[in-house]
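One structure is given here, and the rest of the page talks about it.
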Amino acid sequence: MRIEQHPILQFDRGEKVTFLFNGQPVEGYTSETIAAALHAAGIRELSHSPNLDRPRGLFCAIGNCSSCVMTVDGEPNVRICITKVRPGMIVQEQHGKGVVTP
Amino acid sequence: MIREIEIFVIGGGPAGLSAALAAASTGAHVLLCERDEEPGGQLVKQTHKFFGSEKQYAGERGIFIAKKLAEEAYQQENIEILTEATVLGIYEDGIVTVLKDGKHLKFHPRKIIVSTGAAEKFLAFPNNDLPGIYGAGAVQTLMNVSGIKPAERVVMVGAGNIGLIVSYQLLQAGVEVACVVEAAPRIGGYLVHASKLARAGVPIKTGWTVKEAYGNGKLEGVILVQLDENWAPIPGTEVDVPCDTLCLAVGLTPLSDLLFQADCHMEYVRELSGSVPVTDENLMTSVEGIYACGDVSGIEEASSAMVEGRLAGFAAAASLGYDVERASREVASARAELDELRSGPMGARIRAGLEKVNEKRGEATC
């Protein structure tokens with residue numbers, strides 16, 4: 001859920017766009033990170049531990065910890081907490097360590 | 001191609017921006033490298049008002065201080081700011097490598113100021129990896145930067161300033177805070193922050209900790225347990241608190257990897273919350289020409305980070321011969337400001353930590 005009224009802050013979210021998450025359309029704004037847009041849509045299970053495949057959520061939100069990595073437009077291990085939403089981008093949950101295709 | 005740089009600042013938070021502005025004011029040329037989209041560091045999510053004196057922007061909100069420092073830096077002709085640029089390494093021959101737009105850039109600075117800040121600490125308990133368990137800073141980023149309501153019902157771990165402040169900000173965002181849990185026998189943060197929570201009816205449970213978290217694929221609740229005077233759990237005191245979010249505000253630790261990699265003399269100092277560089281009175285590390293300031297040289301507050309940044313910036317500029325007389329005066333006044341900020345009972349821990357660092361000066365590391 002997005003905060004509409006805040007006692008101190010105003011949010012400039014940019015333009016409303018749609019991207020694909022696991023094949024389903026999700027609404028986001030161009031000033032938001034993918035992690036923020038997914039949270040707004042109630043999605044908090046983001047990555048999976050590489051060996052036991054345990055679900056992982058957001059931990060640091062500033063690109064330190066890699067707890068949120070997904071495959072974005074075919075590129076694995078993208079930290080979605082520091083990657084902005086773009087219209088039409090394809091975001092997919094990742095299992096395992098990901099494969100880099102040159 | 002290798003670009004020659006006079007002063008290379010790594011990290012555009014309160015320390016790095018202050019360092020860049022100080023150095024540039026003497027006429028030195030500065031390149032500031034920031035991995036985020038905009039400089040400002042973690043000030044960009046601090047909606048509370050700062051303490052300290054006027055020189056450290058007391059009474060202003062962190063978000064405003066970030067904006068002001070960044071604007072000043074953008075206006076300075078002799079500060080170049082590289083954003084979305086991550087420093088990868090500092091090499092023996094003095095080359096600094098940077099990842100920017102998928103490209104590997106190389107720089108050769110005469111002086112390097114490392115102001116990379118800190119990372120949040122974690123806490124060990126069963127199921128601590130469930131989605132819904134966040135660092136307090138992450139929740140702050142979600143609500144104060146992105147404008148997302150991050151939770152319905154939160155348990156906060158840690159009654160230091162970050163735990164108290166973020167709990168209050170959660171209330172402002174319309175989130176229920178079930179309680180604040182603090183393992184220590186007393187509240188660590190400022191009374192003014194704790195009082196705000198108490199007035200809002202949020203219980204602060206001192207002498208309690210998290211025994212375990214539970215949930216099927218996502219956090220559904222936590223089991224809290226009371227601790228005895230030796231910090232051991234007291235059997236039978238467990239309580240089950242349903243919540244969708246657990247916030248860990250259990251401290252920060254210096255992001256000092258680059259300093260290790262540059263082979264600076266590092267020491268683990270508990271009072272400074274991690275491994276910190278051994279620096280001299282100009283904040284220069286054991287490696288000639290590499291300075292460290294802000295949280296990377298010991299966890300403190302943004303106010304002292306800004307003063308340390310100023311000190312390092314002026315010291316680095318003076319060592320290059322820029323405006324030496326004024327820069328030296330500024331260095332002395334920054335030292336005095338730091339002494340003042342660290343005086344009093346709240347600064348005791350920092351003073352003890354810095355003393356340990358000073359004792360290590362000049363010691364061989366292996």
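Tabulated data
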read-out: The listed residue being facing chain B (nearest Cβ under 10 Å), touching a strand residue (DSSP E or B) at 6+ places or on another chain (Cβ under 7 Å) and without any contact (Cβ under 8 Å) to a residue 40 or more places away in the chain, out of A:Arg13, A:Arg44; value: A:Arg13
read-out: Exclusive hit being surrounded by 22 or more Cβ atoms within 10 Å (Cβ to Cβ) and touching a strand residue (DSSP E or B) at 6+ places or on another chain (Cβ under 9 Å), set B:Gly289, B:Gly298; value: B:Gly298
read-out: Residue among B:Ser275, B:Ser328, B:Ser303 that is surrounded by fewer than 24 Cβ atoms within 10 Å (Cβ to Cβ), within 18 Å of the chain's Cα centre (by Cα) and part of a helix (DSSP H, G or I); value: B:Ser303
read-out: Any hit, segment B:243-261, residues being without any contact (Cβ under 8 Å) to a residue 60 or more places away in the chain, small (Gly, Ala, Ser) and not in a strand (DSSP E or B); value: no
read-out: Out of B:Lys218, B:Lys196, sole residue that is among the basic types (Lys, Arg), surrounded by fewer than 23 Cβ atoms within 10 Å (Cβ to Cβ), within 14 Å of chain A (Cβ to nearest Cβ) and within 24 Å of the chain's Cα centre (by Cα); value: B:Lys196
read-out: Test: B:Phe107 is farther than 29 Å from A:His48 by Cα and either at the interface with another protein chain (Cβ under 8 Å from one of its Cβ atoms) or touching a residue at least 24 places away in the same chain (Cβ under 8 Å) (or both); value: yes
read-out: From A:Pro55, A:Pro50, A:Pro25, residue being within 30 Å of B:Thr253 (Cα to Cα) and modelled with pLDDT of 95 or more; value: A:Pro55
read-out: Count of segment B:120-164 residues which are surrounded by fewer than 22 Cβ atoms within 10 Å (Cβ to Cβ) and under 16 Å from B:Ala200 (Cα atoms); value: 1
read-out: Conditions (1) part of a helix (DSSP H, G or I); (2) closer than 18 Å to B:Phe122 by Cβ; number of the one not met by B:Tyr134; value: (1)
read-out: Hits in segment B:59-79 (condition: loosely packed, with under 15 Cβ neighbours inside 10 Å and farther than 17 Å from B:His48 by Cα); value: B:Glu71, B:Tyr74, B:Gln75, B:Glu77
read-out: Where a residue in segment B:229-240 is under 15 Å from B:Ala183 (Cα atoms) and its partner, wherever it lies, is at pLDDT 95 or above and in a loop (DSSP other than H, G, I, E, B), with Cβ under 6 Å and at least six apart; value: B:Ile234/B:Asp228
read-out: Contacts under 9 angstrom Cβ, first residue in segment A:75-102 being among the hydroxyl-bearing types (Ser, Thr, Tyr), partner part of a loop (DSSP other than H, G, I, E, B), 6 or more apart; value: A:Thr83/A:Met89; A:Thr101/A:Gly74
read-out: In segment B:165-187, residue surrounded by the fewest Cβ atoms within 10 Å (Cβ to Cβ) [restricted to those that are farther than 22 Å from B:Ala213 by Cβ and within 13 Å of chain A (Cβ to nearest Cβ)]; value: B:Gly174
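The values are calculated or read from the model by the stated rules, or taken from the named source; none is laboratory data. The structure presented is a predicted model; accordingly, all values stated were derived computationally and were not measured. Neighbour counts are summed over all protein chains in view; Cβ atoms, including those assigned to glycine, are modelled from backbone coordinates with ideal geometry.
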